[in-house]
Amino acid sequence: MKSDPMIQVPDGLDLNAIPAHIAFIMDGNGRWAKKKLMNRAKGHEQGVETVEEVVSACRELGIDVLTLYAFSTENWARPAMEVKALMHLFKRFLKTKIEEINKKNIRLNIMGQIERLPDDVRKEAEQAVETTQNNSAMILNLAISYGAREEITRAVQKIAAKVRSGELEDKDITDKTISDHLYTAGMPDPDLIIRTSAEFRLSNFLMWQAAYSELFFTPTLWPDFTSQELYQILIDYQQRDRRFGKV
């Protein structure tokens, strides 16, 4: 997609070959705080600042879909005080940033078990989604209480219910059928998945959608990640040969 030619990007980045969908595994907030002898919550707070920078950069680049892995189904097992702090941050982000997101014509989508969120956070999330539902410049997926295995399991359950009701024949189930019942239904699969903090795994993130995604792992801790590093990663991405299993 062609993006705004006024954006300040480094030489070598082709603005006419920007990926349609980028996803981030935002890792390293706690380690960033520990290195600075701070409470882990401070790392998460700084991580929100990075979220704002990355969202703005992707919007300016003309990216269609941006997915951010904010809180996994496994994260519920973290210490109660940390989970409480994260939920507070989610609510504050949704409450204070939704006006700016709306002005930028970004549509917010929440992926995950929204029913597990505290009532006040869930209501804020639902209101934010409703406020931006007609926006069209970019989709911002926030994966909160999200796990790919749970997502696939839920999709299979929905498909099985349709088979039982006679709405769908089992012989007609295809890859597209499954894709159409995931949280990302109607969206392109991620072209590029970026993970920060030098961890080399997907951690139960978009496992169906990532079948042919390009992966990039950076040692940068999420709070230190910048739009300039994103541009350099995109230059690397544009130099790759994506064959999708073909010659």
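Consider residue 184 carefully, then state whether it is hydroxyl-bearing (Ser, Thr, Tyr), surrounded by fewer than 12 Cβ atoms within 10 Å (Cβ to Cβ) and modelled with pLDDT of 95 or more.
Numbers: hydroxyl-bearing (Ser, Thr, Tyr): yes; surrounded by fewer than 12 Cβ atoms within 10 Å (Cβ to Cβ): no; modelled with pLDDT of 95 or more: yes.
It is false that residue 184 is hydroxyl-bearing (Ser, Thr, Tyr), surrounded by fewer than 12 Cβ atoms within 10 Å (Cβ to Cβ) and modelled with pLDDT of 95 or more.
Among the residues of the stretch 211-240, how many are assigned to a helix (DSSP H, G or I) and in contact (Cβ under 8 Å) with a residue 40 or more places away in the chain? First the steps, then the outcome.
Going residue by residue through the stretch 211-240, those that are assigned to a helix (DSSP H, G or I) are 211-212, 222-224, 227-238.
Checking the rest, the ones that are also in contact (Cβ under 8 Å) with a residue 40 or more places away in the chain come to 222-224, 227-228, 230-235, 237-238.
So the answer is 13.
Yes or no, residue by residue, for (1) in a helix (DSSP H, G or I); (2) modelled with pLDDT of 95 or more; (3) on the phi > 0 side of the Ramachandran plot:
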{"site": "22", "(1), (2), (3)": "no, yes, no"}
{"site": "41", "(1), (2), (3)": "yes, no, no"}
{"site": "50", "(1), (2), (3)": "yes, yes, no"}
{"site": "55", "(1), (2), (3)": "yes, yes, no"}
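Select, from 45, 74, the only residue that is more than 20 Å from residue 146 (Cβ to Cβ), out of contact with any strand residue (DSSP E or B) (no Cβ under 8 Å at 6 or more places or on another chain) and either at pLDDT 95 or above or not in a loop (DSSP other than H, G, I, E, B) (or both).
Working: 74 fails: more than 20 Å from residue 146 (Cβ to Cβ).
Of 45, 74, the one residue that is more than 20 Å from residue 146 (Cβ to Cβ), out of contact with any strand residue (DSSP E or B) (no Cβ under 8 Å at 6 or more places or on another chain) and either at pLDDT 95 or above or not in a loop (DSSP other than H, G, I, E, B) (or both) is 45.
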Query raised in the report: Within the set of pairs 6+ apart or on separate chains, which have a first residue in the stretch 117-132 that is within 22 Å of residue 103 (Cβ to Cβ), a second that is part of a helix (DSSP H, G or I) and of a type in the set (Ser, Thr, Tyr), and C-beta atoms under 7 Å apart?
Result: none
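Say whether the condition of being in a loop (DSSP other than H, G, I, E, B), of a type outside the set (Gly, Ala, Ser) and either within 18 Å of the chain's Cα centre (by Cα) or surrounded by fewer than 18 Cβ atoms within 10 Å (Cβ to Cβ) (or both) is met by at least one residue in the stretch 170-179.
If we filter the stretch 170-179 for residues that are in a loop (DSSP other than H, G, I, E, B), which is where we start, we get 173-174.
Okay, now just the ones that are also of a type outside the set (Gly, Ala, Ser), so 173-174.
Going one step further and asking which of them are either within 18 Å of the chain's Cα centre (by Cα) or surrounded by fewer than 18 Cβ atoms within 10 Å (Cβ to Cβ) (or both), we end up with 173-174.
So far as the stretch 170-179 goes, yes, one or more of its residues are in a loop (DSSP other than H, G, I, E, B), of a type outside the set (Gly, Ala, Ser) and either within 18 Å of the chain's Cα centre (by Cα) or surrounded by fewer than 18 Cβ atoms within 10 Å (Cβ to Cβ) (or both).
Within the stretch 148-168, is even one residue modelled with pLDDT of 95 or more, among the acidic types (Asp, Glu) and not in a helix (DSSP H, G or I)?
Within the stretch 148-168, the subset modelled with pLDDT of 95 or more is 148-168.
From the residues that got through so far, the ones that are among the acidic types (Asp, Glu) too are 150-151, 167.
Still in the list and also not in a helix (DSSP H, G or I): 167.
Yes.
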Report task. Read through the list (1) out of contact with any His (no Cβ under 8 Å at 6 or more places or on another chain); (2) surrounded by fewer than 21 Cβ atoms within 10 Å (Cβ to Cβ); (3) under 18 Å from residue 108 (Cα atoms), then give the number of the only condition that residue 50 fails. Result -> (2)
Query raised in the report: Within the stretch 202-247, which residues are touching a strand residue (DSSP E or B) at 6+ places or on another chain (Cβ under 9 Å) and polar (S, T, N, Q)?
Result: 203, 204, 209, 213, 218
Query - Residue check for residue 109: out of contact with any Lys or Arg (no Cβ under 9 Å at 6 or more places or on another chain) and either closer than 25 Å to residue 185 by Cα or exposed (fewer than 14 other Cβ atoms within 10 Å of the Cβ) (or both) - result: yes
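The values are calculated or read from the model by the stated rules, or taken from the named source; none is laboratory data. Everything numeric here is computed off the predicted structure, so don't read it as measured data. All Cβ positions, even for glycine, are placed from backbone atoms using ideal geometry, and neighbour counts span all protein chains on display.
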